[in-house]
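The values are calculated or read from the model by the stated rules, or taken from the named source; none is laboratory data. Fair warning: this is a prediction, and the values are worked out from it, not measured in the lab. Every residue, glycine among them, receives a Cβ derived from its backbone with ideal geometry; neighbour counts consider all protein chains shown. Surface accessibility is based on the protein's heavy atoms, side chains included, excluding ligands, DNA and RNA. Shrake-Rupley method; radii C 1.70, N 1.55, O 1.52, S 1.80 Å.
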Amino acid sequence: MRRQIPPVSRLLLHLAAAIALLAAAAAAASRRLGVNVTGVLSAFPDLTDFTRLLASSPVLAELAGRSSLTLLAVPNGNLPQSPSAFAAASGADLADVLRYHVLLEYLAPADLRRLPASGKLVTTLFQTTGRAPADLGAVNLTAAGATLAVVRSPAPFPGSNATVLGAVTAVPYNLSVLAVDGLIVPSGFDLAASEARPPAAVNITRVLADARAFNVAASMLEASGVAGEFEADERGAGITVFAPTDDAFAGLPAGDRLQSLPADRKAVVLRFHVLHSYYPLGSLESIVNPVQPTLATEFSNAGRFTLNITRANGSVAIDTGVVQATITRTVFDQNPVAVFAVSKVLLPKEMFTRTEGPGGADSSSVVAAKVAASSPPPAATAPEAAESARTPPTKLSSPPALRGGGQDYVTASAPARATGGWRCIALVYLLLLPLRLV
């Protein structure tokens, strides 16, 4: 005979389930709101002066809603007596100096220990202002003996640099705070530039040419004539561009015949590298719908020329059905445009097919089926529906633990956001325990 659950126990069970759902909803809402940077820094007295600088500048508002960041914080004892005068003496604006300390990529101590000998170029928030010449809005991170890393400008001439003292704290995958031994001033600062000047339209071809290592992609884009389409689409929901590096093009199999394609089909491949929505890196890492239409989809039938975007092994993976690529770094990120470097050329399965080459190696070849590259785009949907469909998700990723270890510079733990979930589990267990005794 089955034992009936007493009404009181059933009520407790429903109550526990409701509490767990509310806790999960609260955690999700917290992630959508982004990280309270000054709230995180307030736990560290040695960073009060830097926190005050950040809070009194427009940079703090620019960080709202962003994720996958690394903040290079300067301890009180390492700040100059007058940071504003220090920045002005270098010909820079203090707000831009602070932007130069915000890296648009989450870097744990373990990531710094794996830096290649040539260093790693990481885009900063200063690059998004449009006032940084070429790629001088990025920093070059290089390993340096027993220290974690040295941060310096990628400029060919000597410039400002700082040494990473250690890890301060982290909100896993959303915010990593590293202590550095001084303020870093961006090189090549344009004294004539002003924050009051409205930003110019983003020229994707110029962004790729200035960023180095994208010469093939930039020249293909310029020759194709589709660059104007990209800039026109910026005015809507924005765009996200996946730019293959020169090494990615050099690594194409000999049988892919990409460069021998007619101009209209090359244009399809280029459109296939662009999403018609602005997605910062954090949104790509936690994207709700992994199957995303591209600009090439708009010139074809629905469901064709899509990309499958997922998070794998700590990186954003992109699967075309023919090749699997990963995002290697942020090239440019300023709403409504994001440009990311990818490890491989994205070949659509509608035009290419995977074949087995000598020794079992995969290669790709052009599909004989003709692509309707010049067909008109589908009819526009209602404005409300179109805006809803193109609005990028704001959910931010928050895995339960850091990717790597490393000795903390400030011996205090990060805010334990995951503890709420464990408390809910423990509460559910305690509430269900009487049922086993009935």
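Here is a check on your reading of the model: is A117 open to solvent by less than 30 Å² (accessible area, probe 1.4 Å), out of contact with any helix residue (DSSP H, G or I) (no Cβ under 6 Å at 6 or more places or on another chain) and part of a loop (DSSP other than H, G, I, E, B)? Here the answer is no, as A117 does not meet what is asked.
Matching residues to (1) at pLDDT below 90; (2) part of a helix (DSSP H, G or I); (3) in contact with a His (Cβ under 6 Å, 6 or more places away or on another chain); (4) assigned by the TED database to the domain that holds V122:
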position: N301; (1), (2), (3), (4): yes, no, no, no
position: R304; (1), (2), (3), (4): yes, no, no, no
position: N308; (1), (2), (3), (4): no, no, no, no
position: A317; (1), (2), (3), (4): no, no, no, no
position: G321; (1), (2), (3), (4): no, no, no, no
position: I327; (1), (2), (3), (4): no, no, no, no
position: V345; (1), (2), (3), (4): no, no, no, no
position: P348; (1), (2), (3), (4): no, no, no, no
position: G359; (1), (2), (3), (4): yes, yes, no, no
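One residue stands out among those in region 213-234 that are of a type outside the set (A, V, I, L, M), within 23 Å of the chain's Cα centre (by Cα) and at pLDDT 80 or above: the one that is nearest to H276 (Cα to Cα), which is F230. The residue pairs whose first member lies in region 74-96 and is in a helix (DSSP H, G or I), whose second member is modelled with pLDDT under 75 and not hydroxyl-bearing (S, T, Y), and whose beta carbons are closer than 8 Å, counting only pairs six or more residues apart or on different chains, are L94/A87; L94/A88; A95/E195; D96/A87; D96/F189.
Scan region 120-135 for residues that are over 20 Å from A73 (Cα atoms) and surrounded by fewer than 24 Cβ atoms within 10 Å (Cβ to Cβ) and jot them down. Steps first, answer last, please.
If we filter region 120-135 for residues that are over 20 Å from A73 (Cα atoms), which is where we start, we get 129-135.
Result: T129, G130, R131, P133, A134, D135.
If you take the residues in region 302-334 that are of a type in the set (S, T, N, Q) and free of Cβ contacts under 8 Å to residues at least 40 places away in the same chain, which one is most open to solvent (accessible area, probe 1.4 Å)? Applying the filter and picking the extreme gives N313. All conditions but one from (1) open to solvent by 30 Å² or more (accessible area, probe 1.4 Å); (2) under 17 Å from L183 (Cβ atoms); (3) modelled with pLDDT of 85 or more apply to R66; the one that does not is (2). Somewhere in region 73-91, is a residue under 26 Å from the mean Cα position of the chain (by Cα) and modelled with pLDDT of 75 or more? Yes; the residues of region 73-91 include at least one that is under 26 Å from the mean Cα position of the chain (by Cα) and modelled with pLDDT of 75 or more.
Inspect region 189-204 for any residue being crowded, with 18+ Cβ neighbours inside 10 Å and either modelled with pLDDT of 90 or more or not in a loop (DSSP other than H, G, I, E, B) (or both) and give the result as yes or no.
From region 189-204, those crowded, with 18+ Cβ neighbours inside 10 Å are 189, 202, 204; that's our starting set.
When the remaining residues are screened for being either modelled with pLDDT of 90 or more or not in a loop (DSSP other than H, G, I, E, B) (or both), the result is 204.
There is at least one residue in region 189-204 that is crowded, with 18+ Cβ neighbours inside 10 Å and either modelled with pLDDT of 90 or more or not in a loop (DSSP other than H, G, I, E, B) (or both).
When you scan region 242-263, do you find a residue that is part of a strand (DSSP E or B), open to solvent by less than 50 Å² (accessible area, probe 1.4 Å) and among the aliphatic types (A, V, I, L, M), even just one?
Looking through region 242-263, at least one residue is part of a strand (DSSP E or B), open to solvent by less than 50 Å² (accessible area, probe 1.4 Å) and among the aliphatic types (A, V, I, L, M).
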